[in-house]
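For reference, the structure is listed below as structure tokens.
The values are calculated or read from the model by the stated rules, or taken from the named source; none is laboratory data. In this text the structure is predicted, and so the values were computed from the model without any measurement. Cβ placement follows ideal geometry from the backbone for every residue including glycine, while neighbour counts extend to all protein chains displayed. Each accessible area value is taken on the protein alone, full model and side chains, heavy atoms only, with ligands, DNA and RNA left out. Shrake-Rupley method; radii C 1.70, N 1.55, O 1.52, S 1.80 Å.
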Amino acid sequence: MAAALDSPRQGTAPRFAPLLGRFALAGVAAGAASGAWALLVTERAIAPALALEESRAGGHEHGEELVGRGTQLVGGFLGTVVAAVVFSVVVAAVYAGVRHRLPGRTDVGRVAVLTAVGFGVFALLPALKMPANPPAVGDPDTVGTRTAIYVAVLGAGVVTALLVSALVGTLRARGLHPSAVATAAVLLAVALVAATVLLVPDNPDTIAADVPAAVVWDFRLASLGQLAVMWTTLGLTAGYLVDRLARRS
Amino acid sequence: MTSAQQTTRTAVPRMAVPAYAWALALLALFALYLVAQDNGAVLASAGDFAHEFFHDARHSLGMPCH
Ligand SMILES: [Zn+2]
């Protein structure tokens, strides 16, 4: 028994239902952690943007709005939790499908690899091509175009991940040296990210002159930090829980 | 080294992925769409509330908004 705990057992694969449970639990943890970041850090970066909007509207009253600020803070937290749980469910399905192909000797390592890819596709690539903007920056008339660009960037990120993993699989099957495989993978990833940045249209909005650069910059860092906390917590917690599950099965 | 790595890799058995796994993933993404984007297109009048309620989450997660 002790020997089985020391070295990873590869004998039987875990079943999907308990795996999903572990990922969902990790998703709740990731939502709580990034939701706390949202309240403590990101909201502090949103506040000056909202104050700016208010001053533009000429001291317009809060009470007239459909949802008050307090309720929006709750929604900011809960929306973050929902996003984290959604990502955890999607990652669970993908993980079940590719677990046997992922690099890493234990589930801790394999989950870390997959969630790192998730962070790259859903956080880093959008941050590179169309960084997050606080309120007071976006033009309501371009929200359809911006949504299309956002979805196109996410799609390009997913395609990049698929092509790079296909290349790695092919080269490894041909018995290439791991360092050559890694080099080829990095080159392809860089080429595809560059193609995404160059070929997908830019955000049509220009940042109005009355929005200080610091307001935008602080918000972008807070937003990226929030997503980093989400994916890191998801990766570490799910890795730990799934690893324990796999050793039991 | 290389062959040892490959032995451990090929030793990892393939998991059985039931169809409901993918259905659930799609359903989850649709729920996220409601949180993130819906401007009353699917939720009608409740969409206005959801839109305002989740407003800050949309911005902080880097999704396009106003
Ligand atoms: Zn907004």
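The one condition from (1) within 16 Å of the ligand (Cβ to nearest atom); (2) open to solvent by 30 Å² or more (accessible area, probe 1.4 Å) that A:A132 does not meet is (2). Checked against (1) more than 7 Å from every other protein chain (Cβ to nearest Cβ); (2) at pLDDT below 95; (3) open to solvent by less than 40 Å² (accessible area, probe 1.4 Å), A:G144 passes all but a single condition, namely (3).
Cβ-Cβ contacts under 7 Å between residues 6 or more apart (or on different chains), taken from a first residue in segment A:38-56 that is at negative phi to a second residue that is in a helix (DSSP H, G or I) and open to solvent by 50 Å² or more (accessible area, probe 1.4 Å), are listed as A:A38/A:F77; A:L39/A:L73; A:L39/A:F77; A:E43/A:L73; A:A45/A:D218.
Okay, residues lined up against (1) in contact with a strand residue (DSSP E or B) (Cβ under 6 Å, 6 or more places away or on another chain); (2) open to solvent by less than 60 Å² (accessible area, probe 1.4 Å); (3) more than 25 Å from A:T80 (Cβ to Cβ):
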position	(1), (2), (3)
A:V190	no, no, yes
A:A195	no, yes, yes
A:V200	no, yes, yes
A:D205	no, yes, no
A:A208	no, yes, yes
A:V211	no, yes, no
A:V215	no, yes, no
A:F219	no, yes, no
A:S223	no, yes, no
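In the set (1) more than 16 Å from the ligand (Cβ to nearest atom); (2) over 14 Å from the mean Cα position of the chain (by Cα); (3) more than 8 Å from chain B (Cβ to nearest Cβ), the condition left unmet by A:R69 is number (1). The residue list A:V111, A:V137, A:V121 contains one member that is within 16 Å of the ligand (Cβ to nearest atom), surrounded by 16 or more Cβ atoms within 10 Å (Cβ to Cβ) and in contact (Cβ under 8 Å) with a residue 40 or more places away in the chain, which is A:V137.
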